[in-house]
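Just so it is clear, none of the values below were taken in a lab; they were calculated from the coordinates. Only a predicted model underlies this, so the values are computations on that prediction, with no experimental measurement involved. Every residue, glycine among them, receives a Cβ derived from its backbone with ideal geometry; neighbour counts consider all protein chains shown.
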Amino acid sequence: MTKPLHIVARVHAMPPEHNAGAEHMLVTMLAALVKRGHQAQVWLSRAGSVRDVYDYEGIEVVPQGSRLDFGVAARRADLLVSHLECVPTTAALARGFGRPMAVICHNDHRPTLRDMAAGGVTLAVYNSQWVEAEAALFFAEYPSSVRPRDEIVVRPPVDADRYATKPGSAVTLINCNEDKGGLVFEALARRMPDRQFLAVTGAYGEQILPGLPNVEVVDHVPGEEMAARVYRRTRVLLMPSAYESWGRTAVEALASGIPVVAHPTRGLCESLGDAGIYIDRSDVGAWQSTLERLLGDPAEYRLAAKRARARSAELDPASDLQTWCDAVEEVAGARPAPR
């Protein structure tokens with residue numbers, strides 16, 4: 001094994017206080033490095049309710065309120081890691097201290113690609129093949145951009161055993177903001193008063209929570225509790241998202257053989273493959289008829305569940321995590337010792 005590395009990440013938030021797909025992807029990737037014998041530390045840029053340093057799945061998390069010095073940690077790091085809003089400042093430190101840096105690109109938004117290509121980034125990690133393709137088009141369009149030395153695809157890793165459970169009876173939406181399909185969910189609950197609906201509040205966005213007798217609202221759920229508190233109660237998962245670069249919760253649901261009805265974003269089409277049931281989010285009537293068929297026809301449901309489990313097996317994260325760990329050890333292992 002290569003020498004133990006000190007990996008330092010700078011991000012805006014982390015579980016258990018903030019539970020979104022990007023953060024859980026980062027946790028799984030850093031935990032894989034810890035299992036390889038490396039040290040992983042995450043520094044938060046936003047103030048939260050926690051002020052003391054804590055451990056999360058073997059990763060040391062340093063809250064913004066701890067008053068510790070991130071600059072010192074960055075200078076001593078073997079590799080800096082960042083994503084989303086924290087990329088520009090972290091990349092500036094990487095350039096200043098001469099440290100290699102990895103950026104996780106969770107989407108194809110122009111700010112994401114622009115920040116990744118501004119210089120100081122050694123390794124770009126794309127969360128899907130289609131985002132990787134969009135990045136290639138970006139570099140072709142902006143040839144003066146600085147392309148990272150290495151680029152890999154790591155699909156948001158989901159350990160199926162962690163999420164697998166016996167499905168329940170509810171029609172579920174996780175994160176009920178408008179972009180994720182909160183209005184579609186509300187319309188379906190009104191149209192289907194005899195069906196049970198489960199609304200799980202999300203980590204961001206204004207939540208649309210219908211005050212209906214057939215809708216139960218569950219507060220924001222930490223990742224380690226999703227199987228027991230959400231998927232165990234879910235019969236069908238709805239993903240009427242306007243945009244998904246991948247769709248982690250959809251893949252989590254597949255582990256239990258839960259059918260996923262989704263708007264055909266490029267990310268959901270890639271993640272769900274043949275297991276997805278695709279309907280345009282503007283056609284609420286089609287969503288209703290699909291749900292009635294799935295919930296009312298046991299044979300139809302069994303077929304959809306079988307496809308879901310098969311797709312879950314295809315998405316085993318072991319290979320992607322191996323690629324990630326190998327790439328980190330290659331780009332971080334050759335730098336000089338900290339001064």
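For every helix of n ≥ 4 consecutive DSSP H residues, a contribution of -39,500 (n - 2.57) applies; sum these over the chain, divide by its total residues, and give [θ] at 222 nm rounded to the nearest 500 deg cm²/dmol.
-11500 deg cm²/dmol
Neighbouring Cβ atoms within 10 Å as the yardstick, rank Asp78, Asp161 fewest first.
Sorted ascending by nearby Cβ count, the order is Asp161, Asp78.
Which of the lysines could a cross-linker bridge to Lys166, judged by Cα under 28 Å and excluding same-chain residues fewer than eight apart?
Within the straight-line cut-off, Lys166 pairs with Lys180, Lys306.
Suppose we keep just the DSSP beta bridges with both residues in the chain; what percent of those would be antiparallel, to 5?
Here the antiparallel bridges make up roughly 10 percent for the chain.
For the stretch 143-225, rounded, prolate or oblate, judged on the Cα gyration tensor with a ≥ b ≥ c (square roots of eigenvalues), a/c < 1.5 rounded, else prolate if a/b > b/c?
Because a/c hits 1.5 or more and a/b exceeds b/c, the stretch 143-225 counts as prolate.
Per-residue counts of other Cβ atoms within 10 Å, averaged by peptide: what ranking do you get for 127-136, 41-50, highest first?
127-136, 41-50
Report the local net charge at Glu178: Lys and Arg +1, Asp and Glu -1, summed over other residues whose C-beta lies under 13 Å from its C-beta. Numbers along the way, then the final one.
Working: positive: Lys180, Arg281; negative: Asp179, Glu186, Glu206.
Residues close to Glu178 contribute a combined charge of -1.
Cross-link partners among lysines for Lys3, C-alpha distance below 17 Å, same-chain residues fewer than 8 apart left out?
Reachable lysines: Lys35.
Tell me the angle of helix 129-141 to the major Cα principal axis of the chain, expressed in degrees between 0 and 90 and rounded to the nearest ten.
Between helix and principal axis, roughly 50 degrees.
Provide the per-residue ³J(HN,Hα) series for the stretch 164-170, in order, calculated from phi with Karplus coefficients 6.51, -1.76, 1.60 and θ = phi - 60°, each as a whole number of Hz, with x at glycine and proline positions.
Couplings: 5, 7, 7, x, x, 10, 8 Hz.
Hey, what's the Kirkwood Rh for the chain if you take every pair of different alpha carbons, in angstrom?
20.8 Å
Please compute the alpha carbon radius of gyration of the stretch 160-314, then divide it by the globular-protein estimate 2.2 N^0.38 Å. Two decimals is fine.
0.92
To make sure I understand, if each residue's beta carbon is the centre and we count other beta carbons within 10 Å, what order do Met29, Met226, Met101 fall in, fewest to most?
The most exposed by this proxy come first: Met226, Met29, Met101.
About the Cα centre of the chain, how large is the charge dipole given +1 on each Lys and Arg Cβ and -1 on each Asp and Glu Cβ? Please answer in debye to the nearest 20.
460 debye
Any idea what the relative contact order of the chain is, in percent, if you count C-alpha pairs under 8 Å spaced at least 6 apart?
Averaging sequence separation for qualifying contacts and normalising by length gives 16 percent for the chain.
Name the residues whose placed amide hydrogens come within less than 5 Å of the amide hydrogen of Ala262, ignoring near sequence neighbours (fewer than 5 apart) on the same chain.
Those qualifying (amide H under 5 Å, at least 5 residues apart or on another chain) are Met239, Ile277, Tyr278, Ile279.
Which angle between 0 and 90 degrees, to the nearest 10, do you get for helix 182-191 versus the longest principal axis of the chain when only C-alpha atoms count?
It works out to around 10 degrees.
Is the shape of the stretch 68-184 rounded, prolate or oblate, going by the alpha carbon gyration tensor and its root eigenvalues a ≥ b ≥ c, with a/c under 1.5 for rounded and a/b larger than b/c for prolate? Provide the component values of the computation, followed by the final result.
On the way: a/c = 2.21, a/b = 1.62, b/c = 1.36.
Here the stretch 68-184 falls in the prolate category.
Report, as a whole number in µm² per second, the diffusion coefficient that Stokes-Einstein gives for the stretch 283-330 at 25 °C and 0.890 mPa s using the Kirkwood radius over alpha carbon pairs.
181 µm²/s
Report, by chain and number, residues whose modeled amide H sits under 5 Å from the one on Val81, excluding near sequence neighbours (fewer than 5 apart, same chain).
Val8, Ala9, Arg10, Ala102
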